[in-house]
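Colleague: This is the structure I have questions about; it appears just below.
The values are calculated or read from the model by the stated rules, or taken from the named source; none is laboratory data. None of the values given here were measured: they were computed from a predicted structure. Ideal geometry is used to build each Cβ from the backbone, glycine not excepted, and the neighbour counts take in all protein chains shown. The accessibility values were calculated without ligands, DNA or RNA, using every heavy atom of the protein model including side chains. Shrake-Rupley method; radii C 1.70, N 1.55, O 1.52, S 1.80 Å.
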Amino acid sequence: MKIRTITAAACAALVFSMVGPIYAHDSEAQTVTKNFEAAIPNISGKSLIVVEVDYAPGAASVPHTHAKSAFIYAYVISGAIESKVDDGETRIYRAGESWSERPGAIHSISRNASKTEPAKLLAVFVLDTNDDPLTTPIK
């Protein structure tokens, strides 16, 4: 059990060091910070990982997917986030709004909708404990 916890933590640390900061086309940064991580005690083999994503004005994530088992709930804390998941419509979510991503989804657009104001979202992942990496860029 201890090995699983160390492995998940090590994987998460590696993922977060690879994802933040990311620079958008205008050299503004997006940073990802782990907020919480724990095994879910009543669902064997599942974990909960929560990250905060801070977007500088104009910042964007590269198109990406997440761990194959990850169900994601995203909540905009401040500002506005433009997002497109799979074949869904491109949408702007404002503070207080949320969306979800199914396991295996492709996140082709994820960026700050403003060129002048920062934005922040909270992403909650429920996934298999040993599923990694958390985020994989699409080439």
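Colleague: Please pick out the residue among VAL50, VAL32 that is open to solvent by less than 60 Å² (accessible area, probe 1.4 Å), touching a helix residue (DSSP H, G or I) at 6+ places or on another chain (Cβ under 7 Å) and in a strand (DSSP E or B). Show your work before the answer.
Modeller: Numbers: VAL50 fails: touching a helix residue (DSSP H, G or I) at 6+ places or on another chain (Cβ under 7 Å).
After ruling out the rest, the residue left standing is VAL32.
Colleague: Pairs under 8 Å by beta carbon, first residue farther than 12 Å from PRO103 by Cα in segment 113-139, partner of a type in the set (S, T, N, Q) and exposed (fewer than 15 other Cβ atoms within 10 Å of the Cβ), six or more apart or different chains?
Modeller: Partner pairs satisfying both residue conditions: LEU122/ASN35; ASN130/THR7.
Colleague: Taking segment 79-104 only, how many residues are in a loop (DSSP other than H, G, I, E, B) and crowded, with 19+ Cβ neighbours inside 10 Å?
Modeller: Looking only at segment 79-104, we keep the residues that are in a loop (DSSP other than H, G, I, E, B), and these are 79, 86-90, 95-97, 102-104.
Filter once more, so that each one left must be crowded, with 19+ Cβ neighbours inside 10 Å: 79.
Final tally of qualifying residues: 1.
Colleague: Pairs needed: first member in segment 92-106, basic (Lys, Arg); second member anywhere, surrounded by 12 or more Cβ atoms within 10 Å (Cβ to Cβ); C-beta distance under 8 Å; at least 6 residues apart or different chains.
Modeller: Taking only residues 6 or more apart or on different chains, the pairs are ARG94/VAL76; ARG94/GLY79; ARG94/ALA80; ARG102/PHE71.
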